[in-house]
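Everything below concerns the one structure shown next.
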């Protein structure tokens, strides 16, 4: 009997792994909105570029801190929103994390056109359900 129980556990373990990896998504309140205060869509700017974040209907809390109706900002640079909104956002040079609760940043970007978009993440960097995501804006960095 003991051998049968051990064998059953070993066979079930691979099935349980995907369930453990799945993240429960934090709900966002109706009407929540994140947006870029500055620069404005279509702006021509010089380095360093000051990007200011706006949020309505929710509050800001640092990563790892759970408060209802809160999250922290992620800035997508020259990148589309991730297809899988149920997974934690990766930290890359195209997805910047502001897990300390920051509401602005200063960027140095190469000259030319760039897109910027904000995506709010919960305490675990997972987008809310439904996602709280800004309109994507385009800016031009001048030499």
| request: Find the relative contact order for segment 42-99 and round it to a whole percent, using C-alpha pairs within less than 8 Å whose residues are 6+ positions apart. | output: 28
| field | Exposure proxy ranking, count of Cβ atoms within 10 Å, fewest first, for 139, 36 | value | 36, 139
| field | Relative contact order, percent, segment 25-141 [alpha-carbon distance under 8 Å, six or more residues apart] | value | 37
| said: Using 0.36 nm times the number of residues separating residue 43 and residue 77, minus their current alpha carbon distance, what extension gain do you get? | reply: 10.7 nm
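Within 10 Å of each residue's Cβ, count the other Cβ atoms and sort 143, 25 from fewest upward. Mind dumping the intermediate values first?
Working: 143 7, 25 16.
Listing 143, 25 from fewest to most nearby Cβ atoms yields 143, 25.
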| request: Within 10 Å of each residue's Cβ, count the other Cβ atoms and sort 92, 105 from fewest upward. | output: 92, 105
| query | What FRET efficiency comes out for the pair residue 140/residue 65, r = Cβ-Cβ distance, R0 = 41 Å, nearest 0.05? | reply | 0.65
| Tell me, how many Å apart are the Cα centres for segment 116-143 and for segment 73-89? | 7
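Values quoted throughout were computed directly from the atomic coordinates according to the rules given, and no laboratory measurement underlies them. Please read all numbers here as calculations on a predicted model, not as lab measurements. Backbone-built Cβ (ideal geometry, glycine too); neighbour counts: all protein chains shown.
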